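Participant: Take a look at the following structure, please.
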Amino acid sequence: MNEVELRALFDEIDTDGDGRISVVELAEGFKAEGAQERLAEEVEKAMAADANHDGVLDFEEFRTLLK
């Protein structure tokens, strides 16, 4: 996934447009992708990328998660 595609995906998940992905936005993103049955596990794994432990993923953390 290139930088433009990564940014587009981030922006799609960041539904409130604040530049950060919250747990709720992340869960909604996983639901949209059909990961309902393993939602809690996927969200927990993704939030492990929250390097500064502020409870949200910024773009750099999101990029690290997907690389």
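The values are calculated or read from the model by the stated rules, or taken from the named source; none is laboratory data. Nothing here was measured: the structure is a model prediction, and the numbers come from that model. All Cβ positions, glycine included, derive from the backbone under ideal geometry; neighbour counts span all protein chains shown. Note: areas computed on protein heavy atoms with side chains; ligands, DNA, RNA excluded. Shrake-Rupley method; radii C 1.70, N 1.55, O 1.52, S 1.80 Å.
Participant: For Asp54, are the conditions met, namely being touching a strand residue (DSSP E or B) at 6+ places or on another chain (Cβ under 9 Å), part of a loop (DSSP other than H, G, I, E, B) and open to solvent by less than 100 Å² (accessible area, probe 1.4 Å)?
Facilitator: no
Participant: Being of a type outside the set (A, V, I, L, M) and modelled with pLDDT under 90 is the filter; apply it to segment 1-35 and report the residue that is surrounded by the fewest Cβ atoms within 10 Å (Cβ to Cβ).
Facilitator: If we filter segment 1-35 for residues that are of a type outside the set (A, V, I, L, M), which is where we start, we get 2-3, 5, 7, 10-12, 14-20, 22, 25, 28-31, 33-34.
If we keep only those that are modelled with pLDDT under 90 as well, we get 28-31, 33-34.
Working: Glu28: 15, Gly29: 20, Phe30: 19, Lys31: 12, Glu33: 10, Gly34: 7.
Top of the filtered list is Gly34.
Participant: Based on this model, can you work out whether Glu60 counts as under 20 Å from Glu5 (Cβ atoms) and either in a loop (DSSP other than H, G, I, E, B) or in contact (Cβ under 8 Å) with a residue 12 or more places away in the chain (or both)?
Facilitator: No.
Participant: Still on this structure, please answer the following. When Asp14 is evaluated against the numbered criteria (1) in contact with a strand residue (DSSP E or B) (Cβ under 6 Å, 6 or more places away or on another chain); (2) in contact (Cβ under 8 Å) with a residue 24 or more places away in the chain, which criterion, by number, is the only one it fails?
Facilitator: Failing condition for Asp14: (2).
Participant: To continue, here is another question. Return yes or no: is Glu42 assigned to a helix (DSSP H, G or I), of a type outside the set (Val, Ile, Thr), crowded, with 16+ Cβ neighbours inside 10 Å and touching a Phe, Trp or Tyr at 6+ places or on another chain (Cβ under 9 Å)? Show your work before the answer.
Facilitator: On the way: assigned to a helix (DSSP H, G or I): yes; of a type outside the set (Val, Ile, Thr): yes; crowded, with 16+ Cβ neighbours inside 10 Å: yes; touching a Phe, Trp or Tyr at 6+ places or on another chain (Cβ under 9 Å): yes.
Yes: the conditions hold for Glu42.
Participant: In addition: Return the pairs, sorted by first residue and then second, in which the second residue is assigned to a loop (DSSP other than H, G, I, E, B) and open to solvent by less than 30 Å² (accessible area, probe 1.4 Å), the first residue lies in segment 34-57 and is touching a residue at least 40 places away in the same chain (Cβ under 8 Å) and under 14 Å from Ser22 (Cα atoms), the beta carbons are less than 9 Å apart, and the residues are 6+ apart or on different chains.
Facilitator: Here the result reads none, with nothing in segment 34-57 linked to a residue that is assigned to a loop (DSSP other than H, G, I, E, B) and open to solvent by less than 30 Å² (accessible area, probe 1.4 Å).
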